[in-house]
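Novice: Take a look at the following structure, please.
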Amino acid sequence: MKNLNSEQWESLCDGCGRCCMCKFEDCDSGEMLYTDIACALFDEQACRCRDYAQRQHKVADCLDIRHLADDQFRWLPASCSYRLLHEGKALPQWHPLMGGDLQAVHREGVSVRGKVFASSEGMDEAEVVSHIITPC
């Protein structure tokens, strides 16, 4: 994956939006706990960042997936294309690169479209924690 150009790298994103949901790591188990609270820059309908180019300047804990250390890929959802390829697994059939259908991720129920409770903008950590849902 490290040899991909920017266009190839970006095409790996399936548009699920799960990486833009607020998450916490359980200190005891190491399990990733997802919430139904999205990043303040997240556009739920498009399942994309509203300001992708400037996201890391505007959101302090936004990760640049291209620069994750090997042990950080577990922070991504199990269905994430970047994580799957990092783990040597195949892309799912609904992935846009497999079938050419950009809406399949939504029809399959993998995306967060229609599942976001609120934006994290103006919320404190305790309020976000109260929105933990089952892990992705």
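Novice: Go through the stretch 13-35 residue by residue and tally those that are out of contact with any Cys (no Cβ under 9 Å at 6 or more places or on another chain) and closer than 24 Å to residue 109 by Cβ.
Specialist: Count: 3.
Novice: Taking residue 27 as the residue in question, decide whether it is part of a helix (DSSP H, G or I), under 23 Å from residue 129 (Cβ atoms) and not charged (D, E, K, R). Break it down into steps so the answer makes sense when it comes.
Specialist: On the way: part of a helix (DSSP H, G or I): no; under 23 Å from residue 129 (Cβ atoms): yes; not charged (D, E, K, R): yes.
Taking the combined requirement at face value, the residue does not satisfy it.
Novice: Would you mind stating whether residue 119 is hydroxyl-bearing (Ser, Thr, Tyr) and out of contact with any Phe, Trp or Tyr (no Cβ under 8 Å at 6 or more places or on another chain)? Break it down into steps so the answer makes sense when it comes.
Specialist: Values: hydroxyl-bearing (Ser, Thr, Tyr): yes; out of contact with any Phe, Trp or Tyr (no Cβ under 8 Å at 6 or more places or on another chain): no.
Considered against the rule, which asks whether it is hydroxyl-bearing (Ser, Thr, Tyr) and out of contact with any Phe, Trp or Tyr (no Cβ under 8 Å at 6 or more places or on another chain), residue 119 comes out as no.
Novice: Further question: So in the stretch 1-38, with the set limited to residues that are surrounded by 20 or more Cβ atoms within 10 Å (Cβ to Cβ) and farther than 18 Å from residue 83 by Cα, which one is nearest to the chain's Cα centre (by Cα)?
Specialist: Across the stretch 1-38, the extreme among qualifying residues is 38.
Novice: Can you tell me which residue within the stretch 39-67, out of those that are small (Gly, Ala, Ser) and assigned to a loop (DSSP other than H, G, I, E, B), is farthest from the chain's Cα centre (by Cα)?
Specialist: Applying the first criterion (small (Gly, Ala, Ser)) to the stretch 39-67 yields 40, 46, 53, 60.
Those still in the list that are assigned to a loop (DSSP other than H, G, I, E, B) too: 40, 46, 60.
Working: 40: 14, 46: 13, 60: 16 Å.
Filtering first and then ranking leaves 60.
Computed from the coordinates by the stated procedures, all read-outs in this text should not be read as laboratory data. No experiment lies behind these values; they were computed from the predicted model shown. Cβ: placed from backbone, ideal geometry, glycine included. Neighbour counts: every protein chain shown.
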